[in-house]
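Below is one structure; the comments refer to it alone.
The values are calculated or read from the model by the stated rules, or taken from the named source; none is laboratory data. Just so it is clear, the structure is predicted and the values come from calculations on it, not from any experiment. Glycine also receives a Cβ, built like all others from the backbone with ideal geometry; neighbour counts cover every protein chain displayed.
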Amino acid sequence: MTVADFGQIPDDWCWQSIGEDEALEQWRHLTAWVGWLRGRYPIAEQLPGCWWRHSELVEELTAVWLAWHGAYTDPRGHPGAPADFHDRVLPSFLGRVRRWGVQCLDEHRPRPGTVYAANAVDDPQAFADFTADPYRDNDDSGPGRGWLDFLPLTAVNALIDEGFALPASGSPSPPLRIHHDYWLPTSTGYVRVSDPVLHRQLARTEARTRPAPTRPLQHTLTTFDAPDLAGAHDDHDDHDDGHEEGRVPEQVGDLDANIVTEPDDEHR
């Protein structure tokens, strides 16, 4: 057996994407290499000969086979790659064989059928409702929305409690606005509005129904870059500054003029 029997690093090694002919060739190369590996290293009790019956070991050994090629046959490989193969790749894989639940030694021990399941989710219809695009009919004609376009009710309630999610209008079941995005309610949560036309409509509706902001007088006064108004007001309590008692000056200039031109007692 030579290195040529182990094949080369293929352009595509994914078992789910390669064709039938490529798969047969890859099986041949991988099997030759695993046979060499079990004879070169004292790992026969750790790596059973029925490895090809365990899909998880097939995937693992494919990865280890590629790593070995990268360390030994790739002309662009790093000189330290073989040491890394022995220090990290191979021991790590052998340690995972038992953790996968493979207990075969002299003979193959079939795994319980319950440890594998071909169905992707437990409830296909509930999952279809969960991933349904709100702007398409519930059929298979179009792609669903992305994962970041859905928020479950628990997450939305938390955002509402923290003040990050706000109602976008005064309707009985209003959409929510979270930052610059609008979200529509469903039976299980909220979906983000991805349609630009609907997004603009909701923005215009919110702008029309949003109450006009009010600015308290105290906030208006404290935004000016002026001297300490509270201290200046105390200094002027005993002087006639020409303003009626209790009347707030209409312009900041009135305040500034009084503060600047009124002499201090020590300079009279």
Original post:
Is it the case that some residue within the range 45-53 is touching a Pro at 6+ places or on another chain (Cβ under 9 Å) and farther than 22 Å from Gln8 by Cβ?
Top reply: yes
Original post:
Looking at the range 174-202, which of the residues that are at pLDDT 80 or above and in a helix (DSSP H, G or I) is surrounded by the most Cβ atoms within 10 Å (Cβ to Cβ)?
Top reply: Leu202
Original post:
Looking at the range 1-86, what helices (runs of 4 or more DSSP H) fall wholly within it and have at least 2 residues that are more than 30 Å from Tyr116 (Cβ to Cβ) and touching a helix residue (DSSP H, G or I) at 6+ places or on another chain (Cβ under 8 Å)?
Top reply: 55-72, 81-84
